[in-house]
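Visitor: Provided herewith is a single structure, encoded as structure tokens, for subsequent inquiry.
The values are calculated or read from the model by the stated rules, or taken from the named source; none is laboratory data. This structure is a prediction, so every number in the text was calculated from the model and none was measured. Don't worry about glycine lacking a Cβ; one is built from the backbone with ideal geometry, like all the others, and counts go over all protein chains shown. The protein model used for the area step is the full one, side chains on, heavy atoms only, and it has no ligands, DNA or RNA in it. Shrake-Rupley method; radii C 1.70, N 1.55, O 1.52, S 1.80 Å.
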Amino acid sequence: MPELPEVEVTRRGLLPHVTGRRIAAVAVRHHGLRWPVDADLATRLTGRVIGEVRRRGKYLLLACQGPEDAGWLMIHLGMTGTLRIYPQAPEPGPHDHVDLLLEGAHGVSTLRFRDPRRFGAVLWVDLPDDALDTHPLLARLGIEPFDPAFGGRWLHKHTRGRQIAIKQVLLGGQVVVGVGNIYASESLFRAGIRPTTPAGRISLARYDRLAAEIRATLGDAIALGGSTLRDFIGSDGASGYFQLRAFVYDRAGEPCRTCGTPIRQIVQGQRSTFYCPVCQR
Ligand SMILES: [Zn+2]
């Protein structure tokens, strides 16, 4: 499943191939994604020029400037979604749901959204820049982990009095976005914090460490993904997702890379959690 690093790498990969391009045509082959694709999507998008590409949580937001107004193409990769740029697109397969034909100075290319399980989303958002945060899918998202305002103090302040386990707080997305299951387990290991610890009992100093490790873990994954960017164009084989060499995630029973103790697996909120009972307290 694409997590924040995959979405961020997708954003960076798209950027040079979509910015400044005019949308010449749109093909929607399947409207039944997580939310129905706008029946008028082609009419709304055709002729617009793509500006910046933003990411908010796991949503990608392509600024689309028209002659009279601006709006956004919002894309979520869901469980199995990918975006690829093709200088010459192959015949669409059964899971290639949306194509944008992009015109630029160097010719025409295709931006293709593929999603076998169809939990992804392709939505038109008719909001100006300064109101984008009010969109129902964005309004309740927590702070971005790379926002300068995020840090130990932020985590500390937003967890006072809360009995809920710290892992659950991270996965919830309301205090901070983008720390999915893998990255929550890995960050907590790197910070030496037991995932079941009540969030309200963790000290500011330990939260400082955790915030730094969240950024470092996500940053490492983004950097790792950046090395796959070369495959971004025209690749339709490998998913393009990538994984760090995990300390604990998916390593139940294997020796901790730090102390050798077997890694434990438990279930929290129906999700697997992995931790070292010695290194994490
Ligand atoms: Zn250990």
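Visitor: Identify all residues within region 110-130 that are open to solvent by 10 Å² or more (accessible area, probe 1.4 Å) and more than 19 Å from PRO2 (Cβ to Cβ); write none if there are none.
Guide: Once the filter is applied, which keeps residues that are open to solvent by 10 Å² or more (accessible area, probe 1.4 Å) and more than 19 Å from PRO2 (Cβ to Cβ), region 110-130 yields THR110, TRP124, ASP126, LEU127, PRO128, ASP129, ASP130.
Visitor: Next question, about the same structure. Looking only at region 145-165, which residues are without any contact (Cβ under 8 Å) to a residue 40 or more places away in the chain and part of a helix (DSSP H, G or I)?
Guide: LYS157
Visitor: Could you go through region 143-155 and let me know if any residue there is more than 21 Å from the chain's Cα centre (by Cα) and surrounded by fewer than 18 Cβ atoms within 10 Å (Cβ to Cβ).
Guide: Yes, region 143-155 contains at least one residue that is more than 21 Å from the chain's Cα centre (by Cα) and surrounded by fewer than 18 Cβ atoms within 10 Å (Cβ to Cβ).
Visitor: Please count how many residues of region 173-193 are part of a helix (DSSP H, G or I) and either modelled with pLDDT of 95 or more or within 15 Å of ARG209 (Cβ to Cβ) (or both).
Guide: So the count comes out to 8.
Visitor: Hey, another quick one. Can you pull out the residues in region 256-281 that are near the ligand (Cβ under 10 Å from one of its atoms), farther than 14 Å from LEU188 by Cβ and part of a strand (DSSP E or B)?
Guide: The answer is PRO262, and nothing else.
Visitor: Just to be sure I understand the filter: pairs with C-beta atoms under 8 Å, separated by 6 or more residues or on different chains, first member in region 248-260 and more than 14 Å from GLN280 (Cβ to Cβ) and open to solvent by 40 Å² or more (accessible area, probe 1.4 Å), second member part of a loop (DSSP other than H, G, I, E, B) and within 11 Å of the ligand (Cβ to nearest atom). Which pairs pass?
Guide: Short answer, once both residue conditions are applied: ALA252/ILE263; GLY253/ILE263; GLU254/ILE263; PRO255/THR261; PRO255/ILE263.
Visitor: Which of the residues spanning region 92-103 are open to solvent by 30 Å² or more (accessible area, probe 1.4 Å) and within 15 Å of ILE23 (Cβ to Cβ)?
Guide: Answer for region 92-103, where residues must be open to solvent by 30 Å² or more (accessible area, probe 1.4 Å) and within 15 Å of ILE23 (Cβ to Cβ): LEU101, GLU103.
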